[in-house]
Each structure stands twice: as structure tokens, then as C-alpha cells.
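Asker: Before anything else, here's the structure in question.
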Amino acid sequence: MLIRVSRSLSRPSLCVQRLLRCSSHTQLSQLHSTSIRKSEVKIKGTAYQSDDVTNVTPRILSKIGKNLHTVKHHPLGLIKRRIENYFYTHFTNRVGNPLFAIFDRLDPVVTIHQNFDSLLTPEDHVSRSPKDTYYVNRDLLLRAHTSAHQEEIIKMGCDAFLAVGDVYRRDQIDATHYPVFHQCEIVRLFTEGEVFSRVKDPTGLRIFDEGDRRSHDKQEMHTLEAAKLVEFDLKKCLLGLTLQLFGKDVEYRWVDAYFPFTHPSWELEIFHGGDWLEVLGCGIMEQKLLNNAGAMSKIGWAAGLGLERLAMKLYAIPDIRLFWSEEEAFQKQFRVDNPETPITFKPLSVYAPCLNDISFWVPSNFSSNDFYDLVRTVGGDLVEQVDLVDEFTHPKHQRTSHCYRLVYRHMDRTLTQAEANEIHSSIGQKAIENLGVEIR
Ligand code: FA5
Ligand code: MG
């Protein structure tokens, strides 16, 4: 299986360095030809005014409200219940009630403040670009991560919570990436007394230290001892969950990461299908975020888990598209009442793929994500993978050419080469019309 690092909300990849230089205003002004051009966008019965930034597609809109994470006998519903069970059984308050509150029906339509500003995302960060994010209009977007809800829930006075929901990203196409997936946010805040509650003599121990410097291990206003204890709690909790889900023999590793809203930050990877698969991002919450949310006396950690990634490993589901399958042969395999029941997915059968390449000259403002979105819009779930296999700039006329390899495969039957060719040529046609490319 080919697993690549997603563009993610974490570190900027090399290919996005160029984009980081664009101002967010320029990014927002870019028109997207795969978008809906009507004057309004309807989402779950509410009409939103569309504008020049709108780039949600009918295909994407059709996924909103499916709430696969709340479907009882769906693999995502089962994994969510397993995560909840872990938190219910391991974390209770003084009187034995669950410590973590659970939010799983939050609206995926969020403001720019929720998705980016509240999380201290820099104005020129690539994730704000309509190349990467689905905008309903200039003010509203489909959340790109469940972290979008951190501030509002902390403002409610919650110190420990899970927020589970569908998230939307314009991303690459392969077996582990899909433009709609599900995340579980986990947040835990501590008072000073709670951080040092296990220390024998906590006299003189503090969370905050004025006038210190930010280092690899901590933020400027935190003491090293507080940061280390919170890091310990975070890793213990998330590793405990991982071992509970996959058993104690699972191979895992912590990798240093970057997020605008946590420092220090890590990603947890597990070994899956012969390669390392990133399953979550996490870190100690930026104090500024907590201060803005009214929790200035507390320190906390946060994490975001990808439910599909966990479920793929847990149930041996080979392809992320299968989560959307309406086939009885798929659904019946997950019809168990106890979510702890071990299940190993039996592939419906593997039908032969069809491979087709397409090469074109790209216009100067071209983004591969525009092409990926167009491919999904035209080819739907028949497209298994798209790879940029060649890119070059002509030495004389300075035009850039991209060559993509598309893998077509039907999940339930053999796809004929003629059928694949037909989809492939519509993709080429639409790319000419909507993206201004010139086929070579
Ligand atoms: C985030 O989304 C951060 N909000 C996570 C976080 C939360 C960090 C709180 C710190 C504190 P990232 O973009 O890496 O980070 O995505 C988190 C997880 O979502 C990944 O580890 C992966 O499991 C999953 N994921 C990301 N992109 C996709 C995709 N296209 N398809 C399926 N799963 C994905
Ligand atoms: Mg990541």
C-alpha cells in the first residue's frame, strides 16, 4: 500500500512552501471552477449565500449529515464507541461520573474564526487556502478538523471532552486519504493542583514561569516540570487508548510534529500494512488559545485522531472508500452489538484495476488539489488513486507539464477498460474546460 504524508494541518510540506508566500487575501480570491456557481448553497435545509470563494462540490455536500460516526453498526460508529468506553472506564470524577463530556453532533459548517483564528493559524498558512479547504463562502467553511471546536467548548467551562465529527479537506487521492473523513478531538485541562497532585511535596511547584524562553520541550510561560507532567499524562492517555484498541503488541512510535495550536507537538504512528501510518496529532495547548478561551489559570493537552485510520488497522479495511459502501456484503460484517467484538474484514473481492495516464500543460495558478477534486467529482469512488508521476518545466517556453497516473477500480465488480476510458476522457474534457489545462 502506498502511504504518503498528508498535507495535514501540521508541518508545511516542501511543495507548499511556495503557497505559504501568498497572502490569504490572494488565496481567497482564487476562483475554483469545480465549484457550485449558483447563488446559494443548501446544507441540511439551510441556504447559505455563495460567492467567489465558494468551492464546495455537490459530491461533498451529499456527504454532510451522513454522520457515519453515529451509525451503530458502522465501523466508524463501532470505533467511536470503543473510544468512548475507554474514556468512560478509565477516567471518572470524584463521584464516579465520566470525566470527559462527549460532543458528536456539532455542525460541520464553521466560521473562519473557529477553524483557523481561534487556533492561532497564521494568516498565510496553507490550510486557509481554498486550494486545501472547502469554503461555503467567504465567512464559512466545512471544518477541516475537529480542533475547530476547542475554543467554544472550553468557553462553556468544559475541562475534559471529546468532540467527534466529519471533517472535509481537498487532499490527495489514495487508499488512506479521502476528502471527507472523521476525527475525534480530545482535550484535557488541568489546574495547578491537578498537575502536581501526584507529587509528594508540591510546595513551590508552579505551572507558570514568567520571563523564561520557549524551547523544544515547553512554551515560554510554562515551567519545565509542568510541561513534562502534562506531556506524560497526554502520552499515557493516548498510548493507553492505542493499546486498548490494538492490543499490547502493536508497533508504535512518537514523532515530533508542528501545529500552530500546540507546543510541543507530536504525531503517533502505528505500523500497518508494511509501513508507518499516522493516526493522530497532539500536543500541549498553546497558552494563548487557553487564555483567549477564558481558561488562563489552566494548562492542557489536545489531540486529534483520524477514525478511518484507526478502523482500517483495527478491522483490516484495505481502502478508505469502503467506509461509504452501501453494499450489504460490507455492512453486514459490522453488525455486532458489542463494539469490543473482534472483527476482521473479509474483502468483498478484489477486482482488477485499470490504469490510465493523463499529461497536460498547466496554467500558472494551477493546484493539484483542483485536479484531484475534479477527478472525484467526475469519477466518484471508481477512482482508487491519483499520483503525480511526472512534472517538468519546458526550458524554452517555461510552461509546466504534469502527468498523473489514475487507477480506476470498482469495489463490487470488474471495471472494463472501455468504461475506464470513458471516465478518463470526461476527466480530460472537464480539466480543459474548468481548469484551463492543455492536454499534451
Ligand atoms: C489535525 O487535524 C490536528 N487538528 C490534530 C491535532 C489536534 C493536533 C489537537 C494537535 C492538537 P492532521 O492534519 O495531522 O492534524 O490530522 C489528524 C489525523 O487525521 C491524522 O493523524 C490522520 O489520522 C487523519 N487524517 C488526516 N488527513 C486525512 C485524510 N485525508 N483522510 C483520512 N484521514 C486523515
Ligand atoms: Mg498529521
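Asker: Looking at Met411 and the list (1) assigned to a strand (DSSP E or B); (2) surrounded by 13 or more Cβ atoms within 10 Å (Cβ to Cβ), which single condition is not satisfied?
Answerer: Only one criterion in (1) assigned to a strand (DSSP E or B); (2) surrounded by 13 or more Cβ atoms within 10 Å (Cβ to Cβ) is unmet by Met411, namely (1).
Asker: For segment 279-310, give me the residue count where each residue is in contact with a helix residue (DSSP H, G or I) (Cβ under 7 Å, 6 or more places away or on another chain) and either without any contact (Cβ under 8 Å) to a residue 24 or more places away in the chain or near ligand 1 (Cβ under 6 Å from one of its atoms) (or both).
Answerer: Residues meeting the conditions: 8.
Asker: Sort through Val199, Val187, Val195 and tell me the only one that's of a type in the set (A, V, I, L, M), more than 16 Å from ligand 2 (Cβ to nearest atom) and within 30 Å of Gly77 (Cα to Cα).
Answerer: Going through Val199, Val187, Val195 in turn, just one is of a type in the set (A, V, I, L, M), more than 16 Å from ligand 2 (Cβ to nearest atom) and within 30 Å of Gly77 (Cα to Cα): Val187.
Asker: Which ones in segment 370-384 are assigned to a helix (DSSP H, G or I) and over 10 Å from Arg59 (Cα atoms)?
Answerer: Within segment 370-384, Asp370, Phe371, Tyr372, Leu374, Val375, Gly379, Asp381, Leu382 qualify.
Asker: What residue, of Gly204, Gly193, is more than 9 Å from ligand 1 (Cβ to nearest atom), in the same structural domain as Lys288 (by the TED database), assigned to a loop (DSSP other than H, G, I, E, B) and within 20 Å of Met221 (Cα to Cα)?
Answerer: Unique residue meeting the criteria: Gly204.
Asker: Look through segment 288-312, keep the residues that are among the charged types (D, E, K, R) and within 16 Å of ligand 2 (Cβ to nearest atom), and return whichever of them is least open to solvent (accessible area, probe 1.4 Å).
Answerer: Checked segment 288-312; the qualifying residue least open to solvent (accessible area, probe 1.4 Å) is Glu308.
Asker: Moving on. Return the residues of segment 311-322 that are touching a helix residue (DSSP H, G or I) at 6+ places or on another chain (Cβ under 9 Å) and either assigned to a loop (DSSP other than H, G, I, E, B) or within 14 Å of ligand 1 (Cβ to nearest atom) (or both); say none if nothing qualifies.
Answerer: Ala311, Met312, Lys313, Leu314, Ile317, Pro318, Asp319, Ile320, Arg321, Leu322 - these are the residues of segment 311-322 that are touching a helix residue (DSSP H, G or I) at 6+ places or on another chain (Cβ under 9 Å) and either assigned to a loop (DSSP other than H, G, I, E, B) or within 14 Å of ligand 1 (Cβ to nearest atom) (or both).
Asker: Here is a further query. Considering only residues that are under 23 Å from Asn85 (Cβ atoms) and open to solvent by 50 Å² or more (accessible area, probe 1.4 Å), look in segment 240-282 and name the one that is nearest to the chain's Cα centre (by Cα).
Answerer: Tyr252
Asker: Check segment 297-308 and report whether any residue there is modelled with pLDDT under 95 and under 13 Å from the mean Cα position of the chain (by Cα).
Answerer: Checked against the condition, which is being modelled with pLDDT under 95 and under 13 Å from the mean Cα position of the chain (by Cα), segment 297-308 yields no hits at all.
Asker: Any idea which of Met285, Met221 is within 16 Å of Leu120 (Cβ to Cβ) and open to solvent by 10 Å² or more (accessible area, probe 1.4 Å)?
Answerer: Only one candidate passes the filter, namely Met221.
The values are calculated or read from the model by the stated rules, or taken from the named source; none is laboratory data. As the structure is a prediction and not an experimental result, all values here were calculated from the model. With ideal geometry, Cβ positions are generated from the backbone for all residues, glycine too; neighbour counts draw on all protein chains shown. Ligands, DNA and RNA are excluded from the accessible area calculation, which covers all protein heavy atoms including side chains. Shrake-Rupley method; radii C 1.70, N 1.55, O 1.52, S 1.80 Å.
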